[in-house]
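The numbers here are math on the coordinates, done by the rules we state, and not lab data. Small disclaimer: the values here were computed from a predicted structure and weren't measured. Here the Cβ positions follow ideal geometry from the backbone for every residue, glycine too, while neighbour counts run over all protein chains shown.
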Amino acid sequence: MIVSRALPPLTFYPPQFSPWVHGVVRSLLPHWLRWRRRITTIETANVERLVHLTQQRDEGTVRYYVAFRHPTTDDHLSMLYLFAHALPQKARSMGIPLRAPVHSAFIYDRGVAIWAGNIVNWLFPRLGGISIYRGKLDRQALQIIRQNFVSGAFPISLAPEGGTNGQGEALAQLEPGIAQMAFWGAEDLAKASRPETVLIVPIHLQYEYEALPWAAVDALLLDIERQSGITLPPPSPEERYHRLTQLGRRMIQLVRSHYEKYYPAFGKDTPDTDDLPSQLQDLIDRILRVAEATHSLTPRGTAIDRCRRLEQATWDRVYRSDLGNLTPLEGHLADALAREAGLAEWHMRLAESIQHISGTYIAEHPSPNRYGEMMLLIWRALGRVKSLPFGEEPHLGDRRLLISVGEPISVSDHFATYQTSRAAAKECVARVTAELETAMRAAIRPSKIPC
């Protein structure tokens with residue numbers, strides 16, 4: 001949905017953990033996952049690692065961040081299940097008492113309430129949530145995070161992939177923020193002469209459809225094909241994977257033709273190619289350049305970096321702290337500026353939506369699970385083009401969830417080197433991020449391919 005006027009600034013709500021809110025959410029969570037999110041089976045692995053780490057944290061020998069995969073919008077619920085149910089159950093079976101309540105604070109994007117509703121501003125802080133701006137240095141949030149890491153009752157969880165990629169079997173590029181915050185935590189502990197070891201614990205989350213309802217899936221395919229100018233009969237089982245790949249290619253071609261025709265000044269001189277990933281990369285660059293021109297931003301960094309800067313530039317023009325001081329005329333001008341920024345954000349969101357529509361994801365492992373994931377990615381991209389509000393997406397059947405706890409990564413082992421110079425600190429952050437990426441990538445389990 002495109003912004004129509006200037007709005008008051010996004011408010012920072014400090015964490016204020018409420019045991020009774022946590023208790024209510026904990027009780028309702030299994031039913032919500034099963035009946036609303038269609039997660040009917042939950043499998044856990046290596047939870048005993050988290051039991052021992054939580055015990056050590058209770059004893060004052062360890063402090064840790066939790067880095068979790070972020071393929072879907074259900075991941076915060078899955079993490080809550082891990083800490084509220086799977087972890088205490090495993091601890092009881094091992095005969096290890098843990099300090100109650102067993103929980104993890106978490107970091108979330110300040111803008112979540114824009115699409116999820118104001119209930120988030122009430123609920124998340126009472127579950128220990130800490131909101132942060134992703135596109136600029138948020139000193140207020142970082143200070144709260146650092147204080148909570150050193151003195152808070154719970155570990156802190158965040159997703160180093162930043163946003164969802166819709167692909168459970170493909171890891172998006174990790175952002176270095178969690179590694180940097182862990183080193184800051186080690187600094188703060190050292191200044192306080194505290195001996196705790198600082199760790200990052202990777203948590204793998206992966207979802208898999210139990211069985212796709214092919215009649216409904218085929219109907220969705222036909223509807224999106226029709227909207228893309230493709231008229232074909234329902235696919236046979238042998239045609240489905242090819243048809244979906246061609247649909248993704250068709251959508252990319254239509255969007256690319258639009259931007260080449262109406263925004264020719266924002267393209268680069270690149271050779272024409274039939275390679276879909278190359279076409280997609282060029283298209284995303286062009287779309288982001290269109291949005292960046294609105295804010296006079298210079299293209300730099302990865303597509304993720306560029307999207308975060310564009311998001312923040314949009315919010316700076318839409319969510320204004322000076323609205324009460326503007327004359328009526330200035331207010332109308334502020335509304336016009338907000339609408340212009342909203343259109344730039346529309347371009348950016350479109351780039352975000354289509355960047356994972358790649359034929360290689362299905363071609364390298366043509367499973368029903370990847371088919372369902374790609375179908376939803378294409379459906380979301382079409383929704384972005386149509387400026388549909390964020391809402392309930394099609395359910396493609398019951399899912400099973402795998403939660404796997406990885407080996408903890410020691411930040412303390414690198415801390416002495418980190419302290420020697422700025423260059424060394426930067427290298428240590430990059431090294432820990434690379435270790436985390438390797439661990440997360442290794443945990444991915446290929447989905448089943450039917451015989």
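Which far-off residues, 5 or more places away or on another chain, put their amide H under 5 Å from the one on Ile130, with H placed in the peptide plane?
Residues meeting the criterion, in which the H sits 1.01 Å from N, are Phe106, Ile107, Tyr108.
Quick one: dipole size for the chain, taken about the Cα centre, charges +1 on Lys/Arg Cβ and -1 on Asp/Glu Cβ, in debye to the nearest 20.
That gives the chain a dipole magnitude of about 820 debye.
Semi-axes of the chain's equivalent ellipsoid from the Cα gyration tensor, sqrt of 5 times each eigenvalue, largest first, rounded to whole Å?
36, 29, 22
Find the Rg to Rh ratio for the range 241-349, where Rh is the Kirkwood radius over alpha-carbon pairs and Rg uses the same atoms.
The Rg/Rh ratio comes out at 1.09.
Rounded to the nearest 5, what is the percent of antiparallel bridges among the DSSP beta bridges in the chain?
Around 30 percent of the beta bridges assigned by DSSP in the chain are antiparallel ones.
Pairs of alpha-carbon atoms within less than 8 angstrom and 6+ residues apart define the contacts here; what relative contact order does the chain have, in percent?
28 percent
Farthest toward the dipole's positive end in the chain, which of Leu283, Ser447, Gly128, given Cβ charges of +1 (Lys, Arg) and -1 (Asp, Glu) about the Cα centre?
Gly128
Evaluate the charge dipole of the range 214-385 about its Cα centre and quote only its size in Debye, nearest 20, assuming +1 on the Cβ of each Lys and Arg and -1 on the Cβ of each Asp and Glu.
120 debye
Quick one: which residues, 5 or more positions from Thr197 or on another chain, have an amide H under 5 Å from its amide H? H modelled 1.01 Å from N in the peptide plane, none for Pro or chain starts.
Excluding prolines and chain starts, which carry no amide H, the hits are Val62, Arg63.
Quick one: compute the contact order of the range 32-138, relative version, from alpha carbon pairs under 8 angstrom and 6+ residues apart, as a percent. Could you put the intermediate results ahead of the total?
On the way: 73 pairs, mean separation 23.7, N = 107.
Relative contact order, the range 32-138: 22 percent.
Can you list the lysines whose alpha carbon is less than 26 Å from that of Lys261, not counting same-chain residues fewer than 8 positions off?
Lys386
For the range 56-119 and the range 175-254, what is the separation of their C-alpha centers, rounded to whole Å?
First find each Cα centre; the distance between them is then 21 Å.
Mind putting a number on the dipole of the range 81-148 about its Cα centre? Charges go on the C-beta only, +1 for Lys and Arg and -1 for Asp and Glu, and I need it in Debye to the nearest 20.
Numbers: 9 positive and 2 negative charges, 30 e Å.
The dipole of the range 81-148 has a size of about 140 debye.
Name the residue from His258, Phe149, Gln227 whose Cα lies farthest towards the positive end of the charge dipole of the chain, charges +1 on Cβ of Lys and Arg and -1 on Cβ of Asp and Glu.
Positive-most Cα among the choices belongs to Phe149.
Per residue of the chain, what 222 nm ellipticity follows from adding -39500 (n - 2.57) for every DSSP H run with n ≥ 4, rounded to the nearest 500? Kindly include the intermediate steps, with their values, before the conclusion.
Working: 17 runs with 237 residues, N = 451.
Here the helix-only value at 222 nm equals -17000 deg cm²/dmol.
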